[in-house]
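Everything below concerns the one structure shown next.
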Amino acid sequence: VQLQAFGGGLVQAGGSLRLSCAASGRLYSYDIMGWYRQAPGNGRELVAVITTGGRTTYAGSVKDRFTISRDNTKNIVYLQMNSLKPEDTAVYYCNVHRYVAAQEFWGQGTQVTVSS
């Protein structure tokens with residue numbers, strides 16, 4: 001599985017961005033897709049994940065501001081980010097978690113910068 005992310009950029013606080021990530025290769029119904037982020041000096045942290053069936057999990061810091069969605073026919077996962085804050089500044093990585101095989105697939109990362 002190869003992942004390619006799009007949509008990062010520079011935005012002012014309070015603004016919005018939409019990230020997209022397209023997966024090439026076969027995905028299975030049990031694959032979980034998601035977004036993680038890593039700010040300078042910090043470890044990589046979960047932002048949001050979504051199952052094939054649409055069940056979602058969000059980090060507390062983004063809940064009610066970010067929305068993850070998934071197009072299973074196109075193998076694309078989206079992250080709509082609203083009310084952005086400077087602390088959301090990070091490199092955002094898309095991910096496929098294939099838990100049945102204990103495999104993780106990562107995209108190349110896309111920079112999101114929120115100015116105050």
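The values are calculated or read from the model by the stated rules, or taken from the named source; none is laboratory data. This one's a predicted model, so the numbers in the text were calculated from it and none came from an experiment. So basically every Cβ, Gly included, is an ideal-geometry build from the backbone, and we count neighbours across all protein chains shown. Surface areas here come from the heavy atoms of the whole protein model, side chains and all, with no ligands, DNA or RNA. Shrake-Rupley method; radii C 1.70, N 1.55, O 1.52, S 1.80 Å.
Identify, please: which residue in the range 72-81 is assigned to a loop (DSSP other than H, G, I, E, B) and not hydroxyl-bearing (Ser, Thr, Tyr) and is, among those, surrounded by the fewest Cβ atoms within 10 Å (Cβ to Cβ)?
Lys74
State all residues of the range 1-60 that are open to solvent by 30 Å² or more (accessible area, probe 1.4 Å), small (Gly, Ala, Ser) and in a loop (DSSP other than H, G, I, E, B); if no residue qualifies, say none.
Residues satisfying the conditions are Gly7, Gly8, Ala13, Gly14, Ser16, Gly25, Ser29, Gly41, Gly43, Gly53, Gly54, Gly60.
Cβ-Cβ distance below 9 Å, separation of 6 or more or different chains: which pairs start in the range 1-26 with a residue that is among the charged types (D, E, K, R) and end on one that is part of a loop (DSSP other than H, G, I, E, B)?
Arg18/Gly7; Arg26/Val1; Arg26/Asn75
Name the residue, out of Val77, Val62, Val49, that is in contact with a Cys (Cβ under 7 Å, 6 or more places away or on another chain) and without any contact (Cβ under 8 Å) to a residue 60 or more places away in the chain.
Val77
One residue is enough: does the range 82-104 have a residue meeting the conditions charged (D, E, K, R) and open to solvent by less than 20 Å² (accessible area, probe 1.4 Å)?
Scanning the range 82-104 turns up at least one residue that is charged (D, E, K, R) and open to solvent by less than 20 Å² (accessible area, probe 1.4 Å).
May I ask you to list the residues in the range 103-116 that are touching a Gly at 6+ places or on another chain (Cβ under 7 Å) and either of a type outside the set (Val, Ile, Thr) or free of Cβ contacts under 8 Å to residues at least 40 places away in the same chain (or both)?
Gln111 - this is the single residue of the range 103-116 that is touching a Gly at 6+ places or on another chain (Cβ under 7 Å) and either of a type outside the set (Val, Ile, Thr) or free of Cβ contacts under 8 Å to residues at least 40 places away in the same chain (or both).
Quick one: what pairs do we get from the range 84-102, first residue farther than 23 Å from Asp71 by Cα, second open to solvent by 40 Å² or more (accessible area, probe 1.4 Å) and of a type in the set (Val, Ile, Thr), C-beta under 8 Å, 6+ apart or different chains?
From residues that are farther than 23 Å from Asp71 by Cα, the pairs are Thr89/Thr113.
What single numbered condition from (1) of a type in the set (Ser, Thr, Tyr); (2) in contact (Cβ under 8 Å) with a residue 40 or more places away in the chain; (3) not in a loop (DSSP other than H, G, I, E, B) fails to hold for Ser69?
(2)
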